Each structure stands twice: as C-alpha cells, then as structure tokens.
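Accompanying notes for the structure given below.
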Amino acid sequence: MKSIVAAKKKNSRRYGENLWGDANSPFNKRSYRPGQHGQRKAKVTDYGQQLIAKQKLKAYYGNISEKQFHKYYAEAIRRSGDNVENLIGLLESRLDNLVYKSKFASSVFAARQFVNHGHVTVNGKKVNIPSYMVKVGDVIEVREKSKKLACVLAAVESQTRDWPEYLEVDSKKLTAKYTFMPKFEDVPYAAMMEPNLVIEFYSR
C-alpha cells in the first residue's frame, strides 16, 4: 500500500500537477517537481512538451510500459476515425482503469493489484489481466468473496470522486457496465492532458 501511495505522490510532483485530483496530493502544498532542481523553470521545446504529455498520460493510467503504450498508439492510428479519440478510448477500456473509475479501488495502481489478485470478473468470468480490453456492454463485477474487503468498501464509500457517464455502477452489488467508449471530453481528467501531443510525439 505504501508503494502505491508513493507512486501517486511522486508522479504528481514530477509533472507539477495533481494528476488524479486527490485531496491529499502533495502538489496541493508543493507545486514543484521532486529533487534539488525541482523549483527551477526551464523553457521547454516542442519535443519536450510532447514527451511530457506522453509521460503524463502514461502515468495517469498507472505508469504503463513504453512498449505497451506504443502499441496503443499503433492501434489508434490503425483504426478509422480520429487518432486522439481512438487512443483515449483504448486507454479507458483497460480493465484496471475501469475498476478504478468504478470506485472499486482507491487508485489505478491499487486497481491493477486488485485485478492481478483475481478479485474481478468480466461477464461472470474471472479476469486477472489489468490490460484486458473491456468491450462496450461488458459487465465488471467484484467477486463475491472479495466484496467485503475493507479496501473495497472504503473505495466505494469515498466521496472524493464520481463515476463517469460511460459506466453504470451498482455500488451495492459492486457491478459496473461499460456503456460506451468515451471520447476525450468524456473522461474526468483532474489534470490537463494533451493526447494530441502524444500523437505528434510518435508521428515524428
């Protein structure tokens, strides 16, 4: 648990923003990056801005590996339609993200562990792969034996965030239906995200 909290705090400070809107984020008090040079402000190049945008989006979804993140980009540009919307839709469809957004876990990092440990089903079948791509219409549910875990009850009862419009959540049954793949404007990002710069980064 301590490592999860530390990861959230480190990422918020690194990018100078409260990435997940946490009330207890250190950035609420200290708005500079970690390290002895964190308070310096340097001019950022176009490449630097694109890199920061990519790293920040990766961090928001739980520090996804570069290899996996690039695969999402490749799939986004392969699909028809807007590349930015495709990328966001893919990232939001990850099982660990939707478990977090359903408030079954306190953070995306905790959601990843929760899925890994086999506490979640999709359409009644146990899935322990955090990157599993949930399809529109799928129903996510906390397994019966896990519904009374203290960490689950605390996350569900938290008043610090709401469910997004693309999830129909039953907080008593601990189920969530993925109703539609969201567009960028549908995602309740607490910090400014620039997925267009991410596309530019990989398109160089």
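Anything in segment 62-72 that is among the hydroxyl-bearing types (Ser, Thr, Tyr) and surrounded by fewer than 21 Cβ atoms within 10 Å (Cβ to Cβ)? List them, or say none.
The initial filter retains those residues of segment 62-72 that are among the hydroxyl-bearing types (Ser, Thr, Tyr), namely 65, 72.
Within segment 62-72, SER65 is the sole residue that qualifies.
Tell me which residues, restricted to segment 97-119, are outside any loop (DSSP other than H, G, I, E, B), open to solvent by 40 Å² or more (accessible area, probe 1.4 Å) and in contact with a helix residue (DSSP H, G or I) (Cβ under 7 Å, 6 or more places away or on another chain). Spell out the reasoning first.
The first filter runs over segment 97-119 and keeps only residues outside any loop (DSSP other than H, G, I, E, B), leaving 97-101, 108-116.
So of that shortlist, the ones also open to solvent by 40 Å² or more (accessible area, probe 1.4 Å) come out as 112-113, 116.
Selection gives ARG112 alone.
In this structure, is SER158 modelled with pLDDT under 95 and either on the phi > 0 side of the Ramachandran plot or among the small types (Gly, Ala, Ser) (or both)?
On the way: modelled with pLDDT under 95: yes; either on the phi > 0 side of the Ramachandran plot or among the small types (Gly, Ala, Ser) (or both): yes.
Here the answer is yes, as SER158 does meet what is asked.
If you check ILE140 against the conditions, is it under 18 Å from GLY118 (Cα atoms) and of a type in the set (A, V, I, L, M, F, W, C)? Steps first, answer last, please.
Values: under 18 Å from GLY118 (Cα atoms): yes; of a type in the set (A, V, I, L, M, F, W, C): yes.
Yes; evaluated as a whole, the condition is true for this residue.
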Original post:
If we scan segment 28-43, do we find a residue that is hydroxyl-bearing (Ser, Thr, Tyr), open to solvent by 60 Å² or more (accessible area, probe 1.4 Å), modelled with pLDDT of 95 or more and over 18 Å from the mean Cα position of the chain (by Cα)?
Top reply: no
Original post:
Can you name every residue in segment 55-76 that is over 15 Å from the mean Cα position of the chain (by Cα) and among the hydrophobic types (A, V, I, L, M, F, W, C)?
Top reply: ALA74, ALA76
Original post:
Considering only residues of segment 156-202 that are polar (S, T, N, Q) and out of contact with any helix residue (DSSP H, G or I) (no Cβ under 6 Å at 6 or more places or on another chain), which is most open to solvent (accessible area, probe 1.4 Å)?
Top reply: GLN159
**OP:** May I ask you to list the residues in segment 69-96 that are part of a loop (DSSP other than H, G, I, E, B) and not hydroxyl-bearing (Ser, Thr, Tyr)?
**Re:** ARG79, GLY81, ASP82
Original post:
Can you tell which of GLU92, GLU85 is under 16 Å from TYR189 (Cα atoms), open to solvent by 20 Å² or more (accessible area, probe 1.4 Å) and touching a Phe, Trp or Tyr at 6+ places or on another chain (Cβ under 8 Å)?
Top reply: GLU85
Original post:
Restricting segment 120-147 to residues that are under 26 Å from ALA190 (Cβ atoms) and either among the hydroxyl-bearing types (Ser, Thr, Tyr) or open to solvent by 40 Å² or more (accessible area, probe 1.4 Å) (or both), which is farthest from the chain's Cα centre (by Cα)?
Top reply: VAL136
Subject >> Those residues of segment 157-202 which are touching a residue at least 40 places away in the same chain (Cβ under 8 Å), of a type in the set (Asp, Glu) and in a loop (DSSP other than H, G, I, E, B), in sequence order >> reply: GLU194
Subject >> The one condition in (1) more than 19 Å from the chain's Cα centre (by Cα); (2) open to solvent by 60 Å² or more (accessible area, probe 1.4 Å); (3) on the phi < 0 side of the Ramachandran plot that GLY48 fails to fulfil >> reply: (2)
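The values are calculated or read from the model by the stated rules, or taken from the named source; none is laboratory data. Everything numeric in this text was worked out from a predicted model, so none of it was measured. Counting neighbours? That spans all protein chains shown, and the Cβs are built from the backbone with ideal geometry, glycine included. Remember, those area values only see protein heavy atoms, side chains included, never the ligands or the DNA or RNA. Shrake-Rupley method; radii C 1.70, N 1.55, O 1.52, S 1.80 Å.
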